[in-house]
Amino acid sequence: MASDPGFTDGRAYSFRLERNLAVIFALLAALLSGLMTGYWLWVLEPALRDDAESRARALAQAQARGIELLLGRGLPPDSLLNALKTRLDAILLLRESESGQPLTNRIRLELDPETTQLPLDALPLERGRGGCSGCFVTEVPLYHPQEYRLMGVATFHANARSLEALLTDVRSTLFWTGGAILILIAMAWVGVIWLLRRLSESESNLSAVLDVAPFPILLLEAQAPKIRRANRAAVRYLDLAADGAGRLGSRVWEALLNDGLPSGEDEQREVQLEMADGQSSWAMVSVAPVNFSGATHPLISLVDVSELKLIQQRLHQAANTDGLTKSYNRRYLFARLAEEIERADREGSTLSVILFDLDHFKSINDTFGHAVGDMVLERSAAIMRQRIRGTDVCGRYGGEEFLVILPSASKATALELAERIRAGIKAEPWPQPGLQVSISGGVAEHTGAELDHLLEAADRNLYRAKNTGRDRIVV
Ligand SMILES: Nc1nc2c(ncn2[C@@H]2O[C@H](COP(=O)(O)OP(=O)(O)OP(=O)(O)O)[C@@H](O)[C@H]2O)c(=O)[nH]1
C-alpha cells in the first residue's frame with residue numbers, strides 16, 4: 001500500500017492477510033484448471049477415442065462385407081465403382097493390377113442393411129494401413145478380379161454422427177464446468193477486491209483518525225521496538241526523520257527507548273525527555289497491543305504532561321513551602337523529620353535538630369512595623385538556608401520560630417552550625433537604623449525516642465537559652 005502523507009510510513013506497508021487470500025484464490029483457480037485439463041486429457045479424450053475406434057472397427061467390417069457382396073456380382077469395373085460410390089460410405093483402396101497405383105477415393109455411400117447383420121469380428125482389420133492413419137483396412141485382399149485387385153476397405157475411425165455427438169457432450173460438459181469455474185474465480189476476485197478496498201478504507205480511516213490526534217502515536221514493529229508508522233504529532237514531538245532505509249527515528253526517540261517503554265498493557269510511565277530544541281519535556285507514555293496482518297504490534301501513545309508536571313511541582317511546592325520566607329513549612333518539616341528519624345533508626349546514624357526563635361520579635365514588630373518584621377523573618381530564613389549543608393533541611397516552624405534538621409550530624413556539629421547561623425543573623429547589616437536582631441536556639445540529638453521527644457528536647461534547650469539571656473545556643 002502506498003504511504004499516505006499523514007500517518008507516516010516508516011516502511012512500505014503490506015496487508016499480509018489479503019495477499020494470502022489472493023494467493024489462495026490463484027492457487028484454487030490453478031488447481032481447478034489443472035483438474036479440468038487432466039480430466040479432459042486422461043479421462044474424456046481416451047474414452048472418446050475408444051468409443052470412436054470401436055464404432056469405426058464395426059463399421060469397417062460391415063462395409064467390407066458389403067463390398068464383398070458387390071464384388072461377387074462380377075460387375076465391370078466402372079459399374080462396380082459406381083455401385084460402390086452409390087452404396088457404401090467408405091474409402092476404398094483399389095490398386096490397378098498392372099500399374100500397382102492405388103486408387104484411393106473418398107466416396108459417399110450407403111450401408112447395405114444386410115451387411116450390418118454380418119458378424120463384426122468376421123474380418124481381421126488393421127489400422128493405418130495403405131497410408132491412411134485414421135483408417136481400418138482389411139489385412140488380406142478381399143477379391144482378385146482380372147483387372148483390379150481390391151486391397152481392402154477402409155473407413156474413418158469414427159462414425160461421424162456419433163463422434164460429433166460425443167464431442168458435443170464433451171464440449172458442453174467442458175463449457176459448463178469451465179464456465180462455472182470461471183464464474184467462481186470471478187466471484188472470488190470480486191470478493192478479494194471488495195475486501196481489499198474495505199481494508200484499504202479502514203486503513204486510511206485509521207490513518208486519518210490517528211493523524212488528527214493531537215498527541216503523538218506510534219505503531220511499532222511486532223518483533224523489535226522499531227517505528228513502523230507515526231502520526232504527525234509524533235513526527236513533530238519526537239523530531240522524527242526517515243533514514244536511508246526509510247526507517248523513522250531520532251535522538252529523542254532513542255532516548256525514550258533507552259529510558260524503557262512500558263511493558264504491560266495497562267502500564268503507563270512518565271518520562272523526562274530532552275527535546276530537539278534542548279528543552280526538557282515530560283511525557284506520559286502508554287502502550288496498547290493492536291493486531292495487523294495477524295501479528296500483534298505495540299501502539300505507543302505519548303501525552304505531553306510538561307505543563308501538568310509544572311503545575312504539580314508548583315502545587316507540591318505551595319503545599320510544602322511557607323509563603324513569606326519561601327522555606328519549608330511546618331507540615332513539610334514534620335513529615336521530613338519523621339522520614340529522617342526512620343532512616344537514622346534504620347541505618348543507625350545520628351540525627352540532630354536546632355530549634356531557633358528570634359529574640360524580642362514582638363518589639364521589632366512594634367517598633368519598626370509588621371513589614372520590617374516580615375523582612376527580618378525572610379532574611380533570617382535566607383541566612384539559615386545559606387549556611388546549612390545540602391543534606392540539611394531548614395524551615396519555618398511557627399511565627400518567628402525555625403527548625404533545622406541535620407541528618408547524620410551529632411549535637412556538637414549541630415551546635416557549631418547553630419552558632420554560625422546565630423552569628424550570621426546578628427552580623428547582618430539591617431537597613432533600618434537602630435534595628436538589631438538576635439536569635440536563640442536549642443539543639444537536641446535523636447537518641448532513639450520518638451519525634452515529639454526530640455522536638456521537646458530542642459524546645460527545652462531553646463527555653464533555657466531564652467531564660468539565660470537570649471542570643472545564645474543551648475545544647
Ligand atoms: N511581622 C510578623 N510578625 C509575626 C509573624 N508571625 C508572628 N509574628 C509576631 O511575632 C511575635 C512573637 O512574639 P512573642 O511570642 O511574644 O515572642 P518575642 O517577642 O519574640 O519574645 P521572645 O521570644 O521571648 O524573645 C508576635 O508579636 C507575633 O505577632 C509574621 O509572620 N510576621
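The values are calculated or read from the model by the stated rules, or taken from the named source; none is laboratory data. All of these numbers come straight from a predicted model, not from anything done at the bench. We place every Cβ from the backbone using ideal geometry, glycine too, and count neighbours over all the protein chains shown.
Can you pull out every residue in segment 346-363 that is on the phi < 0 side of the Ramachandran plot, touching a residue at least 24 places away in the same chain (Cβ under 8 Å) and within 16 Å of the ligand (Cβ to nearest atom)? Don't jump to the end; show me each part of the working.
Filtering segment 346-363 down to residues on the phi < 0 side of the Ramachandran plot leaves 346-347, 349-359, 361-363.
Next cut, touching a residue at least 24 places away in the same chain (Cβ under 8 Å) only: 349-359, 361.
Result: Ile354, Leu355, Phe356, Asp357, Leu358, Asp359, Phe361.
Given the criteria more than 16 Å from the ligand (Cβ to nearest atom), in contact with a Pro (Cβ under 8 Å, 6 or more places away or on another chain) and at pLDDT 90 or above, does Leu315 qualify?
Working: more than 16 Å from the ligand (Cβ to nearest atom): yes; in contact with a Pro (Cβ under 8 Å, 6 or more places away or on another chain): no; at pLDDT 90 or above: yes.
No: the conditions fail for Leu315.
Picking from Ala276, Ala283, which residue would you name as being part of a loop (DSSP other than H, G, I, E, B) and not acidic (Asp, Glu)? Write out each step before concluding.
Values: Ala283 fails: part of a loop (DSSP other than H, G, I, E, B).
Exactly one residue qualifies, and that residue is Ala276.
Quick one: in segment 364-397, which of the residues that are among the charged types (D, E, K, R) and touching a residue at least 40 places away in the same chain (Cβ under 8 Å) is farthest from the ligand (Cβ to nearest atom)?
Per the stated criteria, the residue is Arg385.
Counting only residues that are under 20 Å from Val372 (Cα atoms) and either hydroxyl-bearing (Ser, Thr, Tyr) or touching a helix residue (DSSP H, G or I) at 6+ places or on another chain (Cβ under 7 Å) (or both), how many does segment 399-420 have? Before you say what the answer is, go through the steps one by one.
Step one: list which residues in segment 399-420 are under 20 Å from Val372 (Cα atoms), which gives 399-402.
Restricting the remaining residues to those that are either hydroxyl-bearing (Ser, Thr, Tyr) or touching a helix residue (DSSP H, G or I) at 6+ places or on another chain (Cβ under 7 Å) (or both) gives 400, 402.
Residues meeting the conditions: 2.
Is there a residue in segment 293-315 that is surrounded by fewer than 17 Cβ atoms within 10 Å (Cβ to Cβ) and basic (Lys, Arg)?
Looking for residues that are surrounded by fewer than 17 Cβ atoms within 10 Å (Cβ to Cβ) and basic (Lys, Arg), one finds at least one in segment 293-315, hence yes.
Which one of the conditions (1) touching a helix residue (DSSP H, G or I) at 6+ places or on another chain (Cβ under 9 Å); (2) modelled with pLDDT of 95 or more; (3) away from the ligand (no atom under 16 Å from the Cβ); (4) closer than 17 Å to Ala338 by Cα does Glu428 fail to meet, given that it meets all the rest?
Going through (1) touching a helix residue (DSSP H, G or I) at 6+ places or on another chain (Cβ under 9 Å); (2) modelled with pLDDT of 95 or more; (3) away from the ligand (no atom under 16 Å from the Cβ); (4) closer than 17 Å to Ala338 by Cα one by one, Glu428 breaks only (4).
Are any residues in segment 234-249 small (Gly, Ala, Ser) and surrounded by fewer than 20 Cβ atoms within 10 Å (Cβ to Cβ), and if so, which ones?
Taking segment 234-249 first, the residues small (Gly, Ala, Ser) are 234, 241-242, 244-246, 249.
Once the filter is applied, which keeps residues that are small (Gly, Ala, Ser) and surrounded by fewer than 20 Cβ atoms within 10 Å (Cβ to Cβ), segment 234-249 yields Ala241, Ala242, Gly244, Ala245, Gly246, Gly249.
Would you be able to say whether some residue in segment 398-420 is of a type in the set (Ser, Thr, Tyr), surrounded by 16 or more Cβ atoms within 10 Å (Cβ to Cβ), within 16 Å of the ligand (Cβ to nearest atom) and under 60 Å from the mean Cα position of the chain (by Cα)?
Residues of segment 398-420 that are of a type in the set (Ser, Thr, Tyr), as a first pass: 408, 410, 413.
Among the residues that remain, those that are also surrounded by 16 or more Cβ atoms within 10 Å (Cβ to Cβ) are: 408, 413.
After this cut, where a residue has to be within 16 Å of the ligand (Cβ to nearest atom) as well, the list is none.
Within segment 398-420, not a single residue is of a type in the set (Ser, Thr, Tyr), surrounded by 16 or more Cβ atoms within 10 Å (Cβ to Cβ), within 16 Å of the ligand (Cβ to nearest atom) and under 60 Å from the mean Cα position of the chain (by Cα).
Determine, yes or no, whether Ser263 is farther than 21 Å from Ala213 by Cα and touching a strand residue (DSSP E or B) at 6+ places or on another chain (Cβ under 8 Å). Give the steps one after another, and end with the answer.
Values: farther than 21 Å from Ala213 by Cα: yes; touching a strand residue (DSSP E or B) at 6+ places or on another chain (Cβ under 8 Å): yes.
In short, yes.
Quick check, is Glu445 over 15 Å from Phe356 (Cβ atoms) and either hydroxyl-bearing (Ser, Thr, Tyr) or more than 16 Å from the ligand (Cβ to nearest atom) (or both)?
Values: over 15 Å from Phe356 (Cβ atoms): yes; either hydroxyl-bearing (Ser, Thr, Tyr) or more than 16 Å from the ligand (Cβ to nearest atom) (or both): yes.
When the stated conditions are applied, Glu445 passes them.
Whether any residue in segment 351-362 is within 60 Å of the chain's Cα centre (by Cα) and over 18 Å from Asn329 (Cα atoms) is what I want to check. If you could, list the steps in order and put the result at the bottom.
Of segment 351-362, the ones within 60 Å of the chain's Cα centre (by Cα) are 351-353.
Filter again for over 18 Å from Asn329 (Cα atoms), leaving 351-352.
Among the residues of segment 351-362, at least one is within 60 Å of the chain's Cα centre (by Cα) and over 18 Å from Asn329 (Cα atoms), which makes the answer yes.
Tally time: how many residues in segment 448-475 are within 14 Å of the ligand (Cβ to nearest atom) and of a type in the set (D, E, K, R)?
Going through segment 448-475 one residue at a time, the tally reaches 6.
Do you know which residues across segment 187-228 are of a type in the set (Val, Ile, Thr), part of a helix (DSSP H, G or I) and touching a residue at least 40 places away in the same chain (Cβ under 8 Å)? Lay out the reasoning, then the answer.
Going residue by residue through segment 187-228, those that are of a type in the set (Val, Ile, Thr) are 190, 192-193, 209, 212, 217, 227.
Imposing the further condition that a residue be part of a helix (DSSP H, G or I) reduces the set to 190, 192-193, 209, 212.
The one that is of a type in the set (Val, Ile, Thr), part of a helix (DSSP H, G or I) and touching a residue at least 40 places away in the same chain (Cβ under 8 Å): Val192.
Could you tell me which residue of segment 336-345 is surrounded by the most Cβ atoms within 10 Å (Cβ to Cβ), considering only residues that are in contact (Cβ under 8 Å) with a residue 40 or more places away in the chain and either of a type in the set (D, E, K, R) or in a strand (DSSP E or B) (or both)? Before the answer, list the steps.
If we filter segment 336-345 for residues that are in contact (Cβ under 8 Å) with a residue 40 or more places away in the chain, which is where we start, we get 336-338, 340-341, 343-345.
Now restrict to residues that are either of a type in the set (D, E, K, R) or in a strand (DSSP E or B) (or both): 336, 340, 343, 345.
Values: Arg336: 17, Glu340: 22, Arg343: 13, Asp345: 12.
So, considering only residues that are in contact (Cβ under 8 Å) with a residue 40 or more places away in the chain and either of a type in the set (D, E, K, R) or in a strand (DSSP E or B) (or both), the one surrounded by the most Cβ atoms within 10 Å (Cβ to Cβ) is Glu340.
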